[in-house]
Structure formats: structure tokens, C-alpha cells
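Below is one structure; the comments refer to it alone.
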């Protein structure tokens with residue numbers, strides 16, 4: 001133990017002792033000061049730092065005991081060794097009770113003096129080292145404690161539920177919101193199996209899939225699940241990936257979406273209302289015109305017929321516009337309405353053709369279908385139906401009587417490609433650039449009479465893109481058009497980073 | 001000559017009902033009765049004994065789904081074919097009136113409003129022949 005400098009003070013009324021001590025102690029390399037009475041000693045200690053005090057107990061004026069008491073209260077770190085003229089244990093014991101470290105009896109040998117001072121010094125060094133260690137340890141503990149409490153505070157203050165799972169599917173950490181949303185049960189769920197403490201099958205499957213590395217690009221799996229009390233939750237489970245690409249666990253973030261759900265429901269009701277208020281009257285007008293046109297209310301003159309036919313076209317056009325606007329508002333409200341299921345696209349195309357049969361028959365258009373042995377895809381049935389109703393309807397509308405439509409499907413690596421080709425009017429080079437833009441309509445002599453809203457293709461493009469697919473078109477004016485839809489073939493739910501694409505388990 | 005088939009049209013929009021009625025009478029040769037909500041519809045089913053029902057979905061008091069479900073639950077009326085008519089576009093998902101053909105209703109057919117004369121005449125004819 002290295003103590004750089006040692007300062008010793010000797011308070012003794014006897015000059016012999018002062019001189020003797022100075023001589024002996026200085027030889028050890030220590031600094032020695034001496035005073036001859038207690039009052040001077042106390043004053044000196046106020047101004048200078050001393051490690052050791054050698055104090056004579058029997059002094060005229062202020063005696064040693066009083067000095068000791070005063071010094072203990074003033075500079076408690078000084079080690080005091082009392083020098084007693086009467087070698088009585090009683091006085092030494094009394095001094096040590098007040099706080100003296102040790103004692104030495106007059107007369108003493110130089111060795112005895114050195115020994116007692118060294119003992120005090122080493123003890124002091126030891127205490128100092130212990131104090132240093134304790135301080136260090138406390139500092140460390142304090143830091144650890146702060147880091148822990150920081151994480152705890154952040155976790156507890158998060159508005160979302162957080163659940164951390166280790167690679168063996170045991171709970172490593174969770175916050176109060178997670179506990180509330182999932183009703184985490186058990187006395188101490190930490191370290192226990194997820195399925196033991198949480199009754200939520202959907203989340204359990206998501207966690208298992210994530211731990212098995214099933215989520216693509218480590219972006220995690222996003223899905224809507226039902227939590228405690230059937231609270232709708234948006235759950236995002238992401239793997240914890242180590243430097244060696246090993247999956248060490250999973251983190252689940254849970255968001256209560258009951259508010260969004262309520263808004264969605266209000267919106268749906270509003271849409272239903274708008275539909276009723278806006279679309280129903282137009283439907284009635286169109287129906288009345290239909291009945292008139294059929295001659296059910298009496299034969300019409302050719303001019304009356306012509307005018308009513310045109311009025312009916314406006315009605316039909318308005319209905320289509322209302323439907324498309326509602327459809328687009330629905331799409332813009334988010335993809336959460338989509339329900340992706342494993343889908344046989346052939347069924348969807350046949351459904352679409354069934355709807356359009358009257359129009360096709362009216363124009364005597366033949367439809368050839370070649371959609372055999374195609375893999376299923378993960379897609380929203382209604383969305384896909386809308387895509388093909390739209391494409392086939394366009395192929396009928398923008399075609400001459402007696403025209404032809406070919407629907408052909410094939411697998412191209414990880415994609416399913418379905419093309420809808422017609423031998424109709426085709427699209428000019430200039431118009432081709434704009435056909436996926438909202439409210440754009442190709443206008444020429446042949447298409448002027450065709451009712452449309454300019455929203456069909458933009459809508460289906462959005463639907464296809466929300467399935468991570470693409471739509472392309474090839475066309476030449478006067479030589480028909482081919483629209484090709486590519487959709488990813490996937491047994492797994494589709495996942496796109498940062499986007500709440502719903503998956504169905 | 002065989003007796004005319006009887007169609008019951010249930011629609012809260014009387015103008016719509018009248019337009020279909022006229023069409024079915026003049027062009028389909030049917031006898032047509034009208035009702036303006038689900039409750040009246042049920043009454044008319046009992047009193048008129050229609051061969052087929054054309055039923056609007058969105059109606060006050062009792063909507064078309066409810067009326068259809070009640071008929072299909074009653075074995076006396078279960079076999080009367082029902083065609084649902086609605087102005088809610090089929091691709092607008094998840095409204096209270098979203099078409100639920102083949103899933104939650106047992107209606108035999110479902111048609112969007114407005115309907116082409118040819119289509120409704122064909123569908124009625126097809127269902128009556130079954």
C-alpha cells in the first residue's frame with residue numbers, strides 16, 4: 001500500500017519526547033510536526049492535514065482527553081495514538097473508547113514507536129482501500145440499477161404491449177400493457193412457456209413461426225389477432241437475430257386497435273348509408289327507364305326510345321361511378337379489409353364471367369379460357385373478383401360485336417400470370433401511358449359512347465399491388481389489348497415490411 | 001291454360017317495386033303482388049302464396065336478410081325461391097348489407113340493382129322451372 005506522504009503530529013509537553021519522536025519518525029521518511037500543548041495542536045490540525053497524531057494524555061492546561069474529544073469531532077479521519085505517562089490500562093482503554101486507535105506507554109523504545117505508528121498507517125491504508133472498493137462497487141451497482149430501471153421505465157411507459165420471448169418460447173420480459181392486453185397469468189410468468197401463461201393461439205403460432213425463421217427478411221409477421229376479452233390487436237412479431245444469423249428469440253409488439261376498428265365500422269355504416277341514399281334513387285330511375293324501354297308501359301316512338309336509352313346510359317354510368325368511388329375510398333382506408341385466403345384463381349375468373357355473361361352475349365363475344373393446373377395463390381377473393389370483372393368487362397366493352405377474348409394462365413417461377421387478351425379497339429401509344437391514372441379515359445370515335453368512370457384500372461392496380469403483384473398492358477390501336485396480371489405464388493402469408501398486410505392463419 | 005305464376009316483390013321503394021311489377025306483368029306474364037317492408041312481406045307470403053319472391057335487402061322495420069331467414073326457417077314457406085336485390089355493390093365489403101349469398105342467407109339468387117329486364121326475367125323463369 002503506497003501512501004505518498006505521511007504527516008504526523010506530536011503533542012507533548014515534554015521536549016525530550018517531542019525531539020525523540022521527531023528523530024525516530026523522520027528516519028522513516030515521514031513528516032513530523034510537534035507542539036507542546038493541546039490548544040496549539042487543535043489549532044494546527046485545523047490548518048493542516050495529519051494522518052497520525054501522537055498525543056500525550058497528561059499535559060498541563062487542556063489535557064489529552066479533551067484534545068482527543070475535540071479532534072475526533074473536528075477531524076475524525078486522524079488516527080490518534082495516545083502516549084500515557086502512567087502505564088495504566090484504564091486510561092488507555094478510556095482514550096480508545098473515545099476514539100483513539102492505539103496507545104503507547106512511556107517510556108517506549110524507538111521500535112515500539114515505529115511499530116505502533118506503522119500499525120496505524122497500514123490500518124488506515126486498509127480502511128481506505130476498502131472504502132475505495134466499496135465506492136467502486138456502489139458506483140457499479142448504481143449504474144446497473146439505473147440501466148435496468150431505464151429499460152423498465154421505457155417498457156412501462158410504452159403505449160403498446162411488449163413481450164420478449166427466448167428461443168425456447170419462454171417469456172423473457174413483458175410490460176404491464178402486454179399483461180393487460182393478453183391477460184398474462186401465473187405468479188411469475190418470466191421463464192415460463194408462452195402457452196402456459198397466455199391463452200392466444202394466433203399469437204402463439206406467430207411466435208413459433210418467427211422463432212423457426214419463417215418470417216421473410218427478418219421483418220417479422222404482422223397480423224390482427226384477438227387478445228384478452230376479444231380486444232382486437234395488431235400484433236407484430238419480429239425475430240431477435242444475432243450476429244451469426246441465429247435467432248435468439250422474438251419480440252412481439254401489441255397494439256390495441258379497438259378504436260380503429262370502431263372507426264372502420266362507423267365508416268362502413270356510413271358507406272352503406274351513402275350507397276342507400278345515393279345509389280338507390282339512381283337505381284330506381286334506371287329501373288323505371290328499363291321498364292319503359294321494354295315497352296311495358298306502352299309502345300314508344302323511335303325518338304322516345306332513343307332518348308330514354310340515352311337517359312338509361314347516364315343512370316348506369318352514375319351507378320358505376322358511385323360504386324367505383326366507394327371502392328376507392330375503401331381501398332384508401334387501408335388494406336385491413338382484405339382477407340387473404342388460398343384461392344383457386346380459376347374459380348374467380350369463372351365467377352367474373354358469370355357476372356358478365358349478359359353483356360358478352362349481347363355483343364356475341366366468345367370467351368376462351370385456358371386456366372388448367374395452376375397453383376393456388378394467397379389472395380383476397382372479392383379483390384381478385386373485382387380485378388377480373390374489370391378486365392373482362394373492358395375487353396367486352398372496348399370490342400366490336402362478334403369479338404373474341406382469351407384468358408390464359410401460366411406459372412412463371414414464383415409468379416402466376418393471367419392474361420386477358422381481346423381483339424378489340426386497342427389503345428393508342430399516347431393513351432397507353434395514362435390508362436392506370438384516375439379518371440383518365442381513352443377517347444376516340446369508337447369509345448365515346450362507352451360508359452365508364454376512369455376508375456376501374458386504377459382500382460384494380462391498387463388491389464394487385466396490395467397483393468405484391470403487378471399489372472402490365474400490351475396494346476396497339478386497332479389490334480386489341482392484352483392485360484397481364486402477375487401474382488406471387490406463396491404458401492406463406494404475404495409480408496411486407498412496415499405495412500399492415502393482414503394474414504389469415 | 002295453366003294459372004299464371006305469382007311473384008311477390010318486397011321493396012320499401014314503391015317506385016322501384018312498381019317498375020319491376022309492370023315489367024313482370026307485361027313482359028313476363030306474371031301475376032304480381034307488392035309489399036313494402038319485411039313484416040308486410042311475411043303477411044303477403046301467407047295471404048298471397050307467391051311462387052317466387054323478389055326481395056330487397058335494405059328496408060326499414062325488417063330487412064331482407066331477416067325476412068329471408070324467417071321464411072327459410074319455416075317449412076311451409078321454405079321452398080319458395082327467393083331472389084335478393086340490393087343496391088350495395090358486391091365489392092364493397094363488410095357493410096351490414098354486404099351480400100352474403102351462399103354464406104349466411106339461403107336465398108336462391110342475388111342480383112344487383114338496377115337489373116336488366118332480360119336478366120331478371122331469365123332468373124325468375126329459371127327458378128320457377130326447377
*Residue among A:326, A:300, A:289, A:293 that is surrounded by 15 or more Cβ atoms within 10 Å (Cβ to Cβ), under 53 Å from the mean Cα position of the chain (by Cα) and either on the phi < 0 side of the Ramachandran plot or more than 12 Å from chain B (Cβ to nearest Cβ) (or both)*: A:326
_Restricting to the range A:145-177, and then to whatever is over 28 Å from residue A:258 (Cβ atoms) and in the same structural domain as residue A:249 (by TED's automatic domain parsing), can you tell me which residue is nearest to the chain's Cα centre (by Cα)?_
A:166
*Those residues that are touching a strand residue (DSSP E or B) at 6+ places or on another chain (Cβ under 7 Å), modelled with pLDDT of 75 or more, part of a loop (DSSP other than H, G, I, E, B) and within 11 Å of chain A (Cβ to nearest Cβ), I need them from the range B:94-114; list them, please.*
B:113
*asked:* From the list A:120, A:105, A:100, A:92, exactly one residue is closer than 14 Å to residue A:6 by Cα and in contact with a strand residue (DSSP E or B) (Cβ under 7 Å, 6 or more places away or on another chain). Which is it?
replied: A:120
*With the condition kept exactly as written, say whether any residue in the range B:35-53 is surrounded by 21 or more Cβ atoms within 10 Å (Cβ to Cβ), within 9 Å of another protein chain (Cβ to nearest Cβ) and assigned to a helix (DSSP H, G or I).*
no
*For residues that are touching a strand residue (DSSP E or B) at 6+ places or on another chain (Cβ under 8 Å), part of a helix (DSSP H, G or I) and touching a residue at least 60 places away in the same chain (Cβ under 8 Å), tally how many sit in the range B:8-27.*
3
*Give just the number: which of (1) over 12 Å from the mean Cα position of the chain (by Cα); (2) under 17 Å from residue B:109 (Cα atoms); (3) within 14 Å of chain A (Cβ to nearest Cβ) does residue B:56 not satisfy?*
(1)
*Between a first residue in the range A:283-305 that is more than 20 Å from residue A:321 (Cα to Cα) and a second residue that is outside any helix (DSSP H, G or I) and modelled with pLDDT under 95, which pairs have beta carbons less than 6 Å apart while being 6 or more apart in sequence or on different chains?*
none
*May I ask you to say which residue of A:331, A:353 is in contact with a strand residue (DSSP E or B) (Cβ under 9 Å, 6 or more places away or on another chain) and either at pLDDT 90 or above or part of a helix (DSSP H, G or I) (or both)?*
A:353
*Matching residues, the range A:461-493, being outside any strand (DSSP E or B), over 24 Å from residue A:400 (Cα atoms) and modelled with pLDDT of 75 or more*: A:461, A:462, A:463, A:464, A:465, A:466, A:467, A:468, A:469, A:489
*So is residue A:40 part of a loop (DSSP other than H, G, I, E, B), more than 28 Å from residue A:130 (Cβ to Cβ) and touching a strand residue (DSSP E or B) at 6+ places or on another chain (Cβ under 9 Å) or not?*
no
*Within the range B:68-93, restricting attention to residues that are within 14 Å of chain A (Cβ to nearest Cβ) and in a loop (DSSP other than H, G, I, E, B), which residue is modelled with the highest pLDDT?*
B:87
*Here are A:186, A:161, A:191, A:140: which of them is touching a strand residue (DSSP E or B) at 6+ places or on another chain (Cβ under 7 Å), loosely packed, with under 14 Cβ neighbours inside 10 Å and more than 30 Å from residue A:53 (Cα to Cα)?*
A:191
_Flag if residue A:54 is outside any helix (DSSP H, G or I) and crowded, with 18+ Cβ neighbours inside 10 Å_ = yes
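The values are calculated or read from the model by the stated rules, or taken from the named source; none is laboratory data. None of these values were measured; they are calculated from a predicted model. Methodologically, a virtual Cβ is constructed for each residue, glycine included, from the backbone with ideal geometry; neighbour enumeration extends over all protein chains shown.
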